[in-house]
2 protein chains.
Amino acid sequence: MGRQMTNELPTDRTEDGVDRRRLLAGLALLPAISAALGSTPAMAQANAEGGVLSSWQDGAAKQAITDFVRAATDRSSASYIAPAERIATFDQDGTLWVEHPVYAQVVYCLDRVPAMVAEKPELANVEPFETVLSGDHEAIARLPMHDLEKILVATLTGMTSEAFAAEAKKWIEIAKHPRWKRPYTDLVYQPMLEVLQYFRANDFKTYIVTGGGQDFVRVYAEKIYGIPPEQVVGTAGGTKYGYDKDGKPFLTKEPKLLLNDDHAGKVQGIHLMIGRRPCAAFGNSAGDREMLEWTSAGPDARLGMLLLHDDAEREYAYGPAADLPDSKVGTFPPALYDQAKKSKWTIISMKNDWKRIFAFA
Amino acid sequence: MGRQMTNELPTDRTEDGVDRRRLLAGLALLPAISAALGSTPAMAQANAEGGVLSSWQDGAAKQAITDFVRAATDRSSASYIAPAERIATFDQDGTLWVEHPVYAQVVYCLDRVPAMVAEKPELANVEPFETVLSGDHEAIARLPMHDLEKILVATLTGMTSEAFAAEAKKWIEIAKHPRWKRPYTDLVYQPMLEVLQYFRANDFKTYIVTGGGQDFVRVYAEKIYGIPPEQVVGTAGGTKYGYDKDGKPFLTKEPKLLLNDDHAGKVQGIHLMIGRRPCAAFGNSAGDREMLEWTSAGPDARLGMLLLHDDAEREYAYGPAADLPDSKVGTFPPALYDQAKKSKWTIISMKNDWKRIFAFA
């Protein structure tokens, strides 16, 4: 822990709500994206295998979860929480599924560039599209910020909400992670699926509260996490209402940021979209700090948990809190580790607390 | 229907999201607000009395509701809707409860002025607060727009989200409607409570989608409609995250409009907060038109309904569609009436379709 403490990273968003650091980190680590058909319904597998938290080692982390749920649901407990108030929020990238080497949504944006240029051929020789089309990863990583913003605006806005959802759905079904050569949707953490199920079985409403795009995550959240669109809070842009030539209404996604759902924005998003304070919150990086603070500041039973990526063999290991190299994707600074100890948030060690990480493993 | 057709009123919102026309209309009709303790749990009464749509006359409106629910829930129907997709949205003011002579929230804002000035005595002799304190209703109604905005900003923003909710809760428990001398929460429409219950009994999620303030409506929606905060979509402002001297976090309501949840804004709000297209939508004025269009444009079973206030004796009668004087509060222009006929939306006549209007009647 001898490194410089950075309590909080500055937020730095483009107009359409994508974190610039995320994008840069993504570009710097750009993987070759192969695409092929097929996806494993990890959720169904988790259901079939059953068992409450069966992928968790017995230990402090598992104990914290079961103790909390017991206190929250035991009518004789001083910490009892009425079912209507049982709200649990989960960060997505790095908490529910793999975020390294790069956020899935960043890969989506880069993958969309060729199709986008095919529709507008005049862009083929225009930067930054020319560089992205070149496939030269080093050159892509060197693109200046205003060029990167053009990629985000071009691939995440300007289309109807339905056209975007259809494209994202198509991509998530075929895109594969460069390390495991499997759909991203296979790379959800089996122990966290068990937590989601355990909470729901105890009358909690489970929400995703993600820095990622709300419209993007909603496309697959129901299928892989059992979390419906109305329970996905994410970075969100404005939309515009219009009519087609037959008078049928549509919404167009606009390059206007409504909610930057990261850091304090996560609390603002929870207030805006849920309107209740969560009783439990799970995260894995500096962007989740305020959500855990807000959750912990409520009365009765509370649970705050942070996942530490310390398992290079089975997943990844990164972050100063694990005495590992810092990472721009999912930073877990020492200050957050110290705050967790003071705030009685529980650290989940991926290496020590999880028997297995993926359903397919 | 011989009057001039106005298809849509211009939206005209102050920064903190309150419709200027609404406010003006409210001020012009300013009632004497008496405050006394006591409220009738209308919802509980509705439950106790039971019966599916028992306050509805047999007729086209009731038939439209039951036909829709039957088609949506019958697995053998071509219009079957999976339970997860069963979303029904309801405007609030004038659709679920009384909106005349003035929106309850406008009364709240004016009622808050004395307490607000007590905290900041230097405002007592400053306009517009001096005029509001004078109680001179005609002078209040003549206040220019920039003065009215000051009232809204002063009473709806600047406090913590928790302080606002506590104040609004206190008010809604004691404020009384000038005509019935009962709490506003008694003035919910019994037939609509039955619709909410009927829908929920058939696995629909019921949402409020209101031009009113989201934070305001969330205070009482669960108690009087059985609709939890996370299912209230309304006009919403930004918030700011901060810490008190003990390090406890809080959110401050800011005079920054995030969502103007009226007209097309209702569709934008539905996309932002629900992320699914509703199958059924209920409204009563021009501000609900786009929500009904959006709902009707989906596949399978659809229901669009508009409540016509044509019962001066038991409630109010207003709007050109009822061949009655136009009203700035809850305008139902002839063009909307014509569109309803073309779009197969069903008009609910308060006078002819409802056996009774209030649970206490």
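The values are calculated or read from the model by the stated rules, or taken from the named source; none is laboratory data. Computed from a predicted structure; not experimentally measured. Cβ sites come from the backbone with ideal geometry, for glycine too, and all protein chains shown count toward neighbours. Heads up: the accessible areas ignore ligands, DNA and RNA and are worked out on the full protein's heavy atoms, side chains in. Shrake-Rupley method; radii C 1.70, N 1.55, O 1.52, S 1.80 Å.
Residue by residue, segment A:175-184 carries 3J(HN,Hα) couplings of 5, 10, 6, x, 7, 8, 6, 10, x, 3 Hz when phi is fed to the Karplus relation 6.51 cos²θ - 1.76 cosθ + 1.60 (θ = phi - 60°); x denotes Gly or Pro.
Please list B:177, B:146, A:271 in order of solvent-accessible area, largest first, computed with a 1.4 Å probe with all protein chains present.
B:146, A:271, B:177
On a per residue basis, the protein assembly as shown carries 38 Å² of accessible surface, using protein heavy atoms and a 1.4 Å probe.
Per residue and in Å³, how big is the convex hull formed by the alpha-carbon atoms of segment B:206-361? Intermediate results must be reported in sequence, preceding the final value.
Numbers: hull volume 23.1 nm³, N = 156.
It comes to 148 Å³ per residue, whole-number rounded.
Distance from the Cα centroid of segment A:304-329 to that of segment A:341-357 is 11 Å (rounded to whole angstrom).
Out of all DSSP beta bridges with both ends in chain B, state the antiparallel percent to the nearest 5. Of all bridge pairs located within chain B, approximately 40 percent are antiparallel. Proximity of backbone amide H atoms, modeled 1.01 Å from N, is registered between residue A:159 and A:253 at under 5 Å, excluding neighbours fewer than 5 places apart on the same chain. From the alpha carbon centroid of segment A:59-74 to that of segment A:147-214 is 28 Å. Taking all protein chains as they are arranged and a probe of 1.4 Å, the heavy atoms of residue B:79 leave approximately 40 Å² accessible to solvent. Each pair of Cα atoms in segment B:46-157 enters the Kirkwood radius, and Stokes-Einstein at 4 °C and 1.567 mPa s then converts it into a translational diffusion coefficient of 70 µm²/s. Name the shape class, rounded, prolate or oblate, that the alpha-carbon gyration tensor gives for segment B:97-142, where a ≥ b ≥ c are the square roots of its eigenvalues, rounded holds for a/c under 1.5, and otherwise prolate holds if a/b is larger than b/c and oblate otherwise. Oblate shape, in that a/c is at least 1.5 and b/c is the bigger or equal ratio. Here the protein assembly as shown is described by how far its Cα atoms reach on the three principal axes: 76, 57, 49 Å, from widest to narrowest.
With contacts taken as Cα pairs under 8 Å at a separation of at least 6 residues, segment B:268-361 carries a relative contact order of 25 percent.
In this view, the solvent-accessible surface of residue B:162, computed with a 1.4 Å probe and all protein chains in place, comes to about 110 Å².
Summed over both chains, the contact between A and B buries some 3200 Å² of accessible surface at a probe radius of 1.4 Å.
Summing Cβ point charges (Lys, Arg +1; Asp, Glu -1) relative to the Cα centre of segment B:228-361 gives a dipole of roughly 320 debye. With contacts taken as Cα pairs under 8 Å at a separation of at least 6 residues, chain B carries a relative contact order of 26 percent.
Under the simplified labelling scheme, the residue A:80-residue B:169 pair shows an inter-label distance of 1.9 nm, with each label point 7 Å from Cα along Cα→Cβ. Adding -39500 (n - 2.57) for every DSSP H run of four residues or longer, then dividing by how many residues chain A holds, sets the calculated 222 nm ellipticity at -11000 deg cm²/dmol. Annotation for residue B:179, label-to-label distances across the other copies: 6.6 nm (shortest first, one decimal, point 7 Å from Cα along Cα→Cβ). Proximity of backbone amide H atoms, modeled 1.01 Å from N, is registered between residue B:319 and B:324, B:326, B:327 at under 5 Å, excluding neighbours fewer than 5 places apart on the same chain.
Taken about its Cα centre, the protein assembly as shown carries a charge dipole of about 1120 debye when Lys and Arg each add +1 at the Cβ and Asp and Glu each add -1 at the Cβ. With all pairs of separate Cα atoms included, segment B:177-270 yields a Kirkwood hydrodynamic radius of 15.3 Å.
DSSP beta bridges confined to segment A:160-265 are antiparallel in about 70 percent of cases.
The mean sequence distance of close C-alpha pairs (under 8 Å, at least 6 residues apart), as a share of the length of segment B:107-239, puts its relative contact order at 17 percent.
Dividing the Cα radius of gyration of segment B:141-216 by 2.2 N^0.38 Å, with N the residue count, gives 1.45. For residue A:144, the point set 7 Å out from Cα toward Cβ sits 4.6 nm from its twins in the other copies, listed from shortest up. Interface residues of segment A:271-288, defined as a loss of at least 10 Å² in heavy-atom accessible area between the chain alone and the complex of all protein chains with a 1.4 Å probe, are A:271, A:272, A:273, A:274, A:275, A:276, A:277. Would you be so kind as to identify which of B:280, B:337, B:305 lies farthest towards the positive end of the dipole of segment B:274-361, taking Lys and Arg as +1 and Asp and Glu as -1 on Cβ and the Cα centre as origin? Of the candidates, B:280 comes out farthest on the positive side.
When Rg and the Kirkwood radius Rh are both evaluated on Cα atoms of segment B:82-214, their ratio Rg/Rh stands at 1.06. The alpha carbons of segment A:272-359 stretch over 39, 30, 25 Å along the principal axes, in descending order.
Of the residues B:197, B:231, B:184, the one whose Cα sits farthest toward the positive end of the charge dipole of segment B:165-254, with +1 on the Cβ of Lys and Arg and -1 on the Cβ of Asp and Glu, is B:184. In chain A, the ratio of gyration radius to Kirkwood radius, Rg to Rh, stands at 0.96 when only Cα atoms are counted. For the protein assembly as shown, give the share of DSSP beta bridges that are antiparallel, in percent and rounded to the nearest 5; count only bridges with both residues there. If I count the DSSP bridges inside the protein assembly as shown, around 40 percent turn out antiparallel. Plainly put, the tip 7 Å out from Cα toward Cβ on residue A:76 is 5.1 nm from that tip on each other copy, the closest given first.
Counting only Cβ charges, +1 for Lys and Arg and -1 for Asp and Glu, the dipole size of segment A:259-336 around its Cα centre is about 400 debye.
Which one of A:137, A:155, A:247 has its Cα pushed farthest toward the positive end of the charge dipole of chain A, where Lys and Arg give +1 and Asp and Glu give -1 at the Cβ? Ranked along the dipole, the leading option is A:247.
Each residue of segment B:299-310 was assigned a 3J(HN,Hα) from its phi angle through the Karplus curve 6.51 cos²θ - 1.76 cosθ + 1.60 (θ = phi - 60°); the sequence is x, 6, 5, 9, 9, x, 9, 10, 8, 9, 8, 10 Hz, with glycine and proline shown as x. Need one word for segment A:218-293: rounded, prolate or oblate. Basis is the Cα gyration tensor (sqrt eigenvalues a ≥ b ≥ c); a/c below 1.5 gives rounded, then a/b vs b/c decides. Since a/c reaches 1.5 and a/b is larger than b/c, the shape of segment A:218-293 is classed as prolate. For segment B:200-252, the Cα-based Rg and Dmax, in that order, read 14.6, 49 Å.
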